[in-house]
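Report on the structure given below.
Every number in this text was worked out from the coordinates using simple rules, so none of it is lab data. Remember, it's a predicted structure, so these values are computed and weren't measured experimentally. With ideal geometry, Cβ positions are generated from the backbone for all residues, glycine too; neighbour counts draw on all protein chains shown.
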Amino acid sequence: MRAFITLVLVLLTTGLMAQGETDWKQSLKEELTQLDKTTDFTTWQQGAEKIGNLAAAHPEEWLLQYYTGWAYTQSSFKAPEGEADPSTEKAEPYVKKALHLQPDNTETLTLMAYWLSARINARNSRGMSLGPDSRSYSDKAIKADSANPRAYLMKALVVYHTPALFGGGKKKAAPIVEEAGQRFADFKPKDELEPHWGSDIFKELEKELEGEN
């Protein structure tokens, strides 16, 4: 009888855990779907906050940390004057925790590179100190998975915005942009929650490069 009760408790606990995972995944999908439809800064901030609440409820789920940090980072590029820096500050603990949970994951390494770029975008004077770090993380992300288009995109962005005197500029960035484009063309996410952002940023960078010809 005791063994039967123990088995029932184990099955019940396993079922509840599975249900909890299904619930947060579904909630995350819904929030990401909403964010895909808008460029509004306030909506992005609200979405990031909601995903952050999920992350607080499931602190060891790296995807929730990742997407909270990503959403706040993304929102910083859509921010009105004076709001970009606070958005990157909100992103920081989530970006760093995602990397802590998944230190060798190409996506968490890419996100760190992106967040550092956002910090530079919020205050250009940070470029000299944070630019090399952003490039280093993008290189690590490429090494972790050379098929990841976002890793190449981050490297292309930091090289493009680095002065030619310091090893950057258009000519240095062009072949990396081309590699990113090839990988975006080949990339197919395994499921709805696998990171798949970046193609719109790539297209903007590509147009910018073409406009300088």
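Using only Cα atoms, find the angle between the long axis of helix 106-122 and the longest principal axis of the chain, and express it within 0 to 90 degrees, rounded to the nearest 10.
50 degrees
Within 10 Å, count the other beta carbons around each residue, average over each peptide in 31-42, 181-192, 98-109, 58-69, and list them highest first.
Peptide ranking by packing, descending: 58-69, 98-109, 31-42, 181-192.
Just how many pairs of Lys in the stretch 24-103 have C-alpha atoms closer than 16 Å, counting pairs that are eight or more places apart or on different chains? Display every interim value, and only then the final one.
Details: 25/50; 29/37; 29/50; 37/78; 50/90; 78/90.
Taking the stretch 24-103 as the scope, the lysine pair count is 6.
With a point put 7 Å past each Cα toward its Cβ, work out how far residue 190 is from residue 57 in nm, to one decimal.
2.5 nm
Over the stretch 106-213, how many percent of alpha carbon pairs lie in each 10 Å bin up to the one with the longest distance?
Once binned at 10 Å, the Cα pair distances of the stretch 106-213 give 16, 50, 30, 5, 0.
Between beta-carbons, use under 11 Å as the cut-off and find the net charge around residue 142, counting Lys and Arg +1, Asp and Glu -1.
Within the 11 Å Cβ shell, the charges total +3.
Cα atoms only, the stretch 16-172: Rg and Dmax in Å?
Using the Cα atoms of the stretch 16-172, the pair Rg, Dmax is 15.9, 58 Å.
Which of the peptides 127-139, 153-165 is most tightly packed, and how do the rest follow, judged by the mean count of other Cβ atoms within 10 Å per residue? Don't skip to the end; give the middle numbers.
Working: 127-139: 18.9, 153-165: 20.8.
So the order, starting with the most tightly packed, is 153-165, 127-139.
Excluding residues on the same chain fewer than 8 positions from residue 170, give the aspartates and glutamates whose Cα lies under 20 Å from its Cα.
Leaving aside aspartates and glutamates fewer than 8 places away in the same chain, those within reach of residue 170 are 133, 139, 178, 179, 200, 204, 206, 208, 210, 212.
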